[in-house]
Amino acid sequence: MRAAVLTDYTAPPHVAERDEPTGGDGRAIVELRAAALNPADLAIASGKFPAGSPPLPYVPGIEGLGTVVSSRRFGAGTRVWASGRGLGVASDGTFAERFAAADDVLVEVPEGVGDELAAALGVVGLAAWMPLSWLVPVQAGESVLVLGATGAVGSIAVQTAKILGAGRVVGAGRNEARLRRAQELGADAVVALDGDDLQGRLAASFDGAPPTLIFDALWGPAVEAAAAVAAPGARIAHVGQSAGPAATLASAHVRGKQLRIHGYSNFTVPQDALAQGYGELLGHAAAGKISIRTETFALDRIAEAWALQQRGPDAKLVVVA
């Protein structure tokens with residue numbers, strides 16, 4: 001079968017023939033229809049991923065959507081999404097005509113949502129939905145600050161906060177065009193991270209009612225400023241480090257305000273909770289309440305998609321077989 005194969009940690013994958021995956025012993029076989037390309041795929045393919053990388057050569061792809069070929073849980077032809085249990089991290093991933101995945105990570109995809117949208121809302125959608133609905137649930141009417149609202153995860157977080165009943169939602173990011181997009185998606189105000197007095201501008205954006213919940217996909221200087229303007233008792237859902245791996249938080253802010261910092265990763269969420277969250281997310285997508293821009297690449301164009309992901313795309317990249 002055709003697959004995107006990585007043979008060098010310093011080069012993008014290329015399409016080559018690969019042996020058919022083997023099912024049985026708790027593993028299902030899925031025929032690929034669409035798979036989102038994620039920053040984690042590139043990190044794993046660098047050979048320096050903290051959780052390790054599969055030995056070369058291997059097929060990247062930590063998530064994928066397709067139809068069941070064989071499974072002990074679902075009938076042939078059932079449309080499912082899969083991620084987890086080492087898929088694309090400890091074993092071959094999804095960027096192939098067919099892939100094997102642990103049977104217990106398969107989630108049935110409901111009707112009403114197309115392949116590309118359902119695939120695009122997998123890992124990144126859950127990284128926004130689960131922190132705000134499961135880890136530190138949005139409270140009705142509260143003020144929410146989304147750091148990184150211009151990225152794929154952050155743009156979904158803006159929409160999620162509104163769906164879950166937030167009062168005022170402020171999005172912060174660096175790209176002006178994407179900040180305007182965040183407002184189109186429901187942000188009541190936006191703040192550019194570049195420029196002087198970020199702390200003052202963040203505070204002003206909340207009209208005197210400081211944020212009680214901060215969704216942080218950035219870390220670094222942005223979360224330092226956010227902690228300074230946060231309300232007493234505010235919760236910080238930390239989901240990413242796009243602005244850097246380190247942040248210096250003032251003890252007076254953390255202790256004096258009794259701030260609570262909650263780390264989040266899809267990898268650490270129980271499978272049943274992820275499955276429920278994915279179903280909820282797609283339900284809102286089917287109702288037109290959650291959207292994400294996508295750009296589609298055929299499997300033969302994997303190297304092109306890979307290069308675009310490295311540069312920073314304006315849309316969520318989806319690979320189709």
**Request:** Quick one: P(r) of region 96-176 from all Cα-Cα pairs, 5 Å bins, percents rounded to integers, in order of increasing distance.
**Result:** 3, 13, 19, 21, 17, 12, 8, 5, 2, 0
**Built amide H within the under 5 Å cut-off of Thr78, gap 5+** = Val68
**Asked** Nearest-5 percent of antiparallel DSSP beta bridges in region 210-321?
**Response** 0 percent
**Request:** Whole number please: convex hull volume per residue, Cα atoms of the chain, in Å³.
**Result:** 123 Å³
**Prompt:** Which percent of Cα pairs goes in each bin when the distances of region 126-266 are cut into 10 angstrom slices starting at zero?
**Reply:** 13, 51, 33, 2
**Request:** Could you work out how far the C-alpha centroid of region 241-296 sits from that of region 74-96, in angstrom?
**Result:** 22 Å
**Fill in**
Under the 7 Å Cα-to-Cβ spin-label approximation, Arg201 and Arg293 lie apart by a distance in nanometres of 2.1 nm
**Within the chain: Cβ-based charge dipole about Cα centre, in debye rounded to nearest 20 (Lys, Arg +1; Asp, Glu -1)** = 640 debye
**Asked** Would you list Lys48, Lys289, Lys316, Lys257 from fewest to most Cβ contacts within 10 Å?
**Response** Lys48, Lys289, Lys257, Lys316
**Request:** Subtract the Cα-Cα distance of Ala286 and Asp194 from 0.36 nm times their separation in residues, and report this length gain in nm to one decimal.
**Result:** 29.6 nm
**Message:** To make sure I understand the rule: partners must be aspartates and glutamates, Cα under 13 Å from the Cα of Lys48, and not fewer than 8 residues away in the same chain. Which ones qualify?
**Reply:** Asp8
**Prompt:** By count of other Cβ within 10 Å, fewest leading, how are Met130, Met1 ordered?
**Reply:** Met1, Met130
**Fill in**
Under Stokes-Einstein, region 1-144 at 20 °C and 1.002 mPa s, with its Kirkwood radius over C-alpha pairs, diffuses with a coefficient in µm²/s of 135 µm²/s
**Request:** Identify the residues of region 227-243 with backbone N under 17 Å of a label point that sits 7 angstrom from the Cα of Ala250 along the Cα-to-Cβ direction, or state none.
**Result:** 227-234
**Fill in**
Counting only residues 5 or more apart in sequence or on a different chain, those whose built amide H sits under 5 Å from that of Val319 are Ala35, Ala36, Leu37, Phe297
**Message:** Could you check the spin-label model distance between Ala51 and Glu20? Points 7 Å from the Cα along Cα→Cβ, value in nm.
**Reply:** 2.9 nm
**Asked** Can you sort Trp134, Trp219 by how many other beta carbons sit within 10 Å, fewest first?
**Response** Trp134, Trp219
**Prompt:** For the Cα atoms of the chain, what angle does the longest principal axis make with the long axis of helix 302-311, in degrees from 0 to 90, nearest 10?
**Reply:** 10 degrees
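No value in this document is a laboratory result; all are computed from the given coordinates. The structure displayed is predicted, hence computed values, not measured ones. Because the Cβ atoms are built from the backbone with ideal geometry, glycine has one as well, and the counts that use them run over all protein chains shown.
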